[in-house]
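Below: one structure, written as structure tokens.
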Protein chains: 2
Amino acid sequence: MNTLDERRKKILYAIIQSHIDLNIPIGSFFITQKFQVGLSPATIRNTMAELEKLGYIMQPHTSAGRVPTEKGYRFYIDVLLEEQPLSLAPELYYELSTRLTDTEKTGTGIIKEAAKTLSLYSHCLAIVIPPKTEEMILKRIKFIKYEKKKVLTVLISENGVVYNKTIELEKAYSQNQLDKASNYLNNKFHGLSIKIVREKIADQLHKDKMICDQLISILLTLCKEISLSDIDDFTLNSLAGTANLPDFATIDQIKEILGAIEDKQFMLKLLNQISDSLGIRVFVGMEIIRPALKELSMVISTYKNKKDTSGAIGIIGPTRMNYKKLIPMVEYTAKALTKMLSA
Amino acid sequence: MNTLDERRKKILYAIIQSHIDLNIPIGSFFITQKFQVGLSPATIRNTMAELEKLGYIMQPHTSAGRVPTEKGYRFYIDVLLEEQPLSLAPELYYELSTRLTDTEKTGTGIIKEAAKTLSLYSHCLAIVIPPKTEEMILKRIKFIKYEKKKVLTVLISENGVVYNKTIELEKAYSQNQLDKASNYLNNKFHGLSIKIVREKIADQLHKDKMICDQLISILLTLCKEISLSDIDDFTLNSLAGTANLPDFATIDQIKEILGAIEDKQFMLKLLNQISDSLGIRVFVGMEIIRPALKELSMVISTYKNKKDTSGAIGIIGPTRMNYKKLIPMVEYTAKALTKMLSA
DNA sequence: GTTAGCACTCTTAACTTTAGAGTGCTATTA
DNA sequence: TAATAGCACTCTAAAGTTAAGAGTGCTAAC
């Protein structure tokens, strides 16, 4: 796929870079002016015709310059940008380090702050997916009774992310019994993930003579109920928290984005898809995800915690976004977040 | 102010109602067709000229029909709509009652659900302001230690709204001490508001010999720290949760709205302003609040709990929104919410 | 292989035209 | 005297026209 000779690469790069900067179709004459390529417009035109035949660029209409196709952007990101070192806007260093440290925030707060900062500097919509609850490492768990059979579960993960979930039990338990249950869990399962806890709990319970029957049933119910279902709140928060809504998108597109993000299934699928390929990932033209998101791209990276599985943080912007600047930006933010969360 | 004779009222009503329905300037001929007013276009034109002189309507340009001014809308809402019974769209009855009851949600969940439903049926942006933490009635309070000096405070209000707040104490306490503190608070102050608790705590403490010194300092710190500062999350959630973004607003306006809503000060001011005048309140042309919100209006109502002070729920939409339908809608939603929360 | 020259295409902006909606004024009617 | 018909007038919005310019592809020359 990356079988383009040097001249073609050079010209393709010039076209895409110029189009990203100026948001206009790029003509042959323009390139001779902006880039010292040592060729005449006519020659460039020939090469452009070839690139067009290969599917990297296209003409909006017969007498216009060329704009990159999705294939073109893909090549630009995968091949052309790889060949040159990407530099990070230095403002972000300072901003992220101060924003993420000076607050005495919980893990959740840090993650949100990172998203806000990212949005501010990228001028895109920032999105965050929190670490999977399933694989979250338990630091503390507490059950608080607040109605006959209703119990509020508070989970605190290793890195300070707090989850609340109300669950309804089959029968009423006293706060005292609930405290026993949470103490038991805290002692036995501290430092393990919910997933593991659920798997081990049956084994453990009947070995441990000290546990009364009620406790068993409480614990089983609890572990069944604690699931991924609270993911949505969190993601949306981080999105809307970004005050500067994108200039690039139409209202319909924003609707579509919000719709997609409200869709839990979608977010989970996305997270799975990217957490396989650790590190940064760029989606060009998101129509695979939703048809209406054709002209949008997403740059997203996983972040990790001390032991937990990763969440994801990234941005959504126009397909012609400034990848050169934004890819390192997302990358750095994810790294900074990882560092802060595992500190 | 409401000194318009019957004919003028009738014609003003016809203009505003038609303009709301069709979003076009309304001409004299149109009115004779749509309303059986028993007058000729010429007569109506005369009346229109008078109404224009009085400032209730205006012409976008010389040869156009008339559109309502803000003063016109104000009059329409305060006088004209008062004179006729407003009816509630019946779908909402069913929808709200099922949505708010069938879920085994906490108070927070109920409030959010109400906002979502409201947004869905009004096609506007729904906003919610949660009840003031200060005056929230305590049902349960719990402190969970999760780092040396860091404590997660979980408050559950009378109506099931859950608040989390991380606080940092001056010295480290054991979970055991914290449990004592929360038990003490639960016993002594159950059913009172945070505000009252704070006021009474000093008195109570030195009377009660059973309390050790550490506990006193914990409690004082806690009550100092628990403030209104967590309001923002909640409001934003409820806003963004509404999937259908408004068709009416420009991107700039949406930005502005989000900006305003992120502004804690603004929300608090707004809440205070409306909670004085219990019940529903309509803001026409919100440029008082933010200049960029000139063409937007807000219909907002307070809702209450068993004993708590009220929060607010409402919608933001175009100035030419369908008040006739939306005012009772917001009103009913607020009432339904009040009912559910105090059940 | 590269380039200059040139005819050709197509878009965009500016200007012109036209139809029609709605008005205000005046004279007329009940 | 209040209501109305008639009419000239104004202004907008849509459609049509024109002209400039940007960029191309092709061909012939270097």
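Put the Cα centre of region A:35-77 next to the Cα centre of region B:37-101 and the gap is 57 Å.
Shortest first, residue B:171 label-point distances to identical copies amount to 4.4 nm, with the label point at 7 Å from Cα along Cα→Cβ. Under a 5 Å amide H cut-off, with hydrogens placed 1.01 Å from N, residue B:57 pairs with B:52, B:69 among residues at least 5 apart or on other chains.
For the residues of B:148-158, the average number of beta carbons from a partner chain within 10 Å of their own beta carbon is 3.
Here is the interface size for A with B: some 3400 Å² of accessible area buried, both sides summed, with a 1.4 Å probe.
Roughly what % of Cα-Cα distances in region A:6-80 sit above 14 Å, to the whole percent? Don't jump to the answer; show the numbers that get you there.
Values: 1489 of 2775 pairs.
Counting every Cα pair in region A:6-80, those more than 14 Å apart make up 54 percent.
Between residue A:5 and the same site in the other copies, what are the distances in nm, shortest first, taking label points 7 Å from Cα along the C-beta direction? Spacings between copies for this position, smallest first, are 9.0 nm. Amide hydrogen proximity for residue A:304: with H placed 1.01 Å from N in the peptide plane, the residues at 5 or more positions away or on another chain lying under 5 Å are A:338.
Among the listed pairs A:145/A:188; B:142/B:195; B:34/B:116, give every one whose C-alpha distance is greater than 27 Å. Walk me through the numbers on the way to the answer.
On the way: A:145/A:188 22 Å; B:142/B:195 17 Å; B:34/B:116 35 Å.
Beyond 27 Å: B:34/B:116.
Scanning residues 5 or more positions from residue B:297 or on other chains, those with amide H under 5 Å from its amide H are B:285, B:317, B:319, with H placed 1.01 Å from N in the peptide plane. Inter-copy label distances for residue B:95: 3.9 nm (label point placed 7 Å from Cα along Cα→Cβ; shortest first).
The values are calculated or read from the model by the stated rules, or taken from the named source; none is laboratory data. As the structure is a prediction and not an experimental result, all values here were calculated from the model. When we count neighbours, we look across all protein chains shown, and the Cβ atoms used for this are built from the backbone with ideal geometry, even at glycine. To get the accessible areas, we keep the full protein, side chains included, count just its heavy atoms, and leave off ligands, DNA and RNA. Shrake-Rupley method; radii C 1.70, N 1.55, O 1.52, S 1.80 Å.
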